[in-house]
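Novice: Shown below is the structure under consideration.
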Amino acid sequence: MLNDKKVVVVLPAYNAAKTLEMTYNEIPFEVVDHVLLVDDASRDDTSRVSRRLGIATIVHERNKGYGGNQKTCYRAALDAGADIVIMLHPDYQYTPRLITAMAAMIAYGEFDVVLASRILGVGALEGGMPLYKYVANRFLTLVENLLLGHKLSEYHTGYRAFSREILEKLPLDRNSDDFVFDNQMLAQVVWFGYRIGEVSCPTKYFEDASSINFKRSVIYGLGVLRTAFQFRLNRLGIMKSPIFQDQ
């Protein structure tokens, strides 16, 4: 616990058998109370490895998508009594060693959401981020900062910490089950006026780390732009999108 708040780490997993144990072994259990993994119908031994490690494991009988996986993760974390939830990819692309710092920023009331940014600092390209992804990241972030009226170094990291209140308040079930879920969620955080903090995070791109291909990246990018324009149109009162309405 941190400041008497229960910290739960959720691992949205798909074909993560090769990297799960490395990720799990670096989780700082001096502050983390519980770890749970949701296996989104993997084709490898992800769930078997997870159970061998003693991780609470939920298995989807069919693939529900990255967003659908997160929805299950957050519901399960709340059911487990989480006060702070850390979403960590089990592909070892992000270091679990930042969990303590991220959780503390919420536990002591400084922020409601904390993002581990690959862009703060100078390590994204050095860590192997493909150039086209780096350029797209910078362009999409610029557009989002302008349309959302906010300022973040990036909106696209998959390493995030949330307060319980956030997960109870946001209408997450109205979001996509695909990769754009991440972006819709941050747009909702801004819409409902919650505080977002960032920490600098080194990242690693390697063969076994999960990464969406170019086609899926384009689809994601278009979804990001759509979300940002929806946000602005809702702010102007021109439309009412369900994802920006109270539950």
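Novice: What pairs come out if I take residues in the range 73-99 that are outside any loop (DSSP other than H, G, I, E, B) and pair them with residues that are among the polar types (S, T, N, Q) whose C-beta lies under 7 Å away, six or more apart or interchain?
Specialist: 84/163; 87/70; 94/203; 96/23
Novice: Given the options 165, 144, name the one that is in contact (Cβ under 8 Å) with a residue 40 or more places away in the chain, of a type in the set (Asp, Glu), buried (at least 19 other Cβ atoms within 10 Å of the Cβ) and part of a helix (DSSP H, G or I).
Specialist: 144
Novice: Any idea which residue in the range 168-197 is surrounded by the fewest Cβ atoms within 10 Å (Cβ to Cβ), counting only those that are closer than 16 Å to residue 112 by Cβ and β-branched (Val, Ile, Thr)?
Specialist: Going through the qualifying residues, I end up with 196.
Novice: Another question, then. I'd like the residue in the range 20-35 that is aliphatic (A, V, I, L, M) and closer than 14 Å to residue 54 by Cβ and, out of all such residues, is surrounded by the fewest Cβ atoms within 10 Å (Cβ to Cβ).
Specialist: Of the range 20-35, the ones aliphatic (A, V, I, L, M) are 20, 22, 27, 31-32, 35.
Restricting the remaining residues to those that are closer than 14 Å to residue 54 by Cβ gives 20, 27, 32, 35.
Working: 20: 25, 27: 19, 32: 21, 35: 25.
Among those that are aliphatic (A, V, I, L, M) and closer than 14 Å to residue 54 by Cβ, it is 27.
Novice: Mind checking which residues of the range 35-72 are outside any helix (DSSP H, G or I) and among the aliphatic types (A, V, I, L, M)?
Specialist: Initially, the range 35-72 is screened for residues outside any helix (DSSP H, G or I), giving 35-45, 53-64.
Within the range 35-72, 35, 36, 37, 38, 41, 53, 55, 56, 58, 59 meet the criteria.
Novice: Of everything in the range 112-162, what is on the phi > 0 side of the Ramachandran plot and touching a Lys or Arg at 6+ places or on another chain (Cβ under 9 Å)? Give them in sequence order.
Specialist: Scanning the range 112-162 gives 128, 149.
Novice: Right, next: So which residues in the range 12-34 are assigned to a strand (DSSP E or B) and out of contact with any Phe, Trp or Tyr (no Cβ under 8 Å at 6 or more places or on another chain)?
Specialist: 13, 34
Novice: Next question, about the same structure. When you look at residue 183, is it of a type outside the set (A, V, I, L, M, F, W, C), at pLDDT 95 or above, over 30 Å from residue 8 (Cα atoms) and in contact with a Ser or Thr (Cβ under 8 Å, 6 or more places away or on another chain), yes or no?
Specialist: Taking the combined requirement at face value, the residue does not satisfy it.
Novice: So residue 108 clears everything in (1) under 16 Å from the mean Cα position of the chain (by Cα); (2) modelled with pLDDT of 95 or more except one condition, right? Which one?
Specialist: Here residue 108 clears every test but (1).
Novice: Right, another one. Filtering the range 78-105 down to residues that are buried (at least 24 other Cβ atoms within 10 Å of the Cβ) and among the small types (Gly, Ala, Ser), which residue is farthest from the chain's Cα centre (by Cα)?
Specialist: 82
Novice: How about the range 178-199: which of its residues are out of contact with any helix residue (DSSP H, G or I) (no Cβ under 7 Å at 6 or more places or on another chain), in contact (Cβ under 8 Å) with a residue 12 or more places away in the chain and more than 23 Å from residue 69 (Cα to Cα)?
Specialist: Listed by number, the residues that qualify are 195, 198.
Novice: Does the range 186-215 hold any residues that are under 23 Å from residue 92 (Cβ atoms), modelled with pLDDT of 85 or more and in a helix (DSSP H, G or I), and which are they?
Specialist: The answer is none; no residue qualifies.
The values are calculated or read from the model by the stated rules, or taken from the named source; none is laboratory data. None of these values were measured; they are calculated from a predicted model. Here the Cβ is made from the backbone with ideal geometry for all residues, glycine too, and neighbour counts use every protein chain on show.
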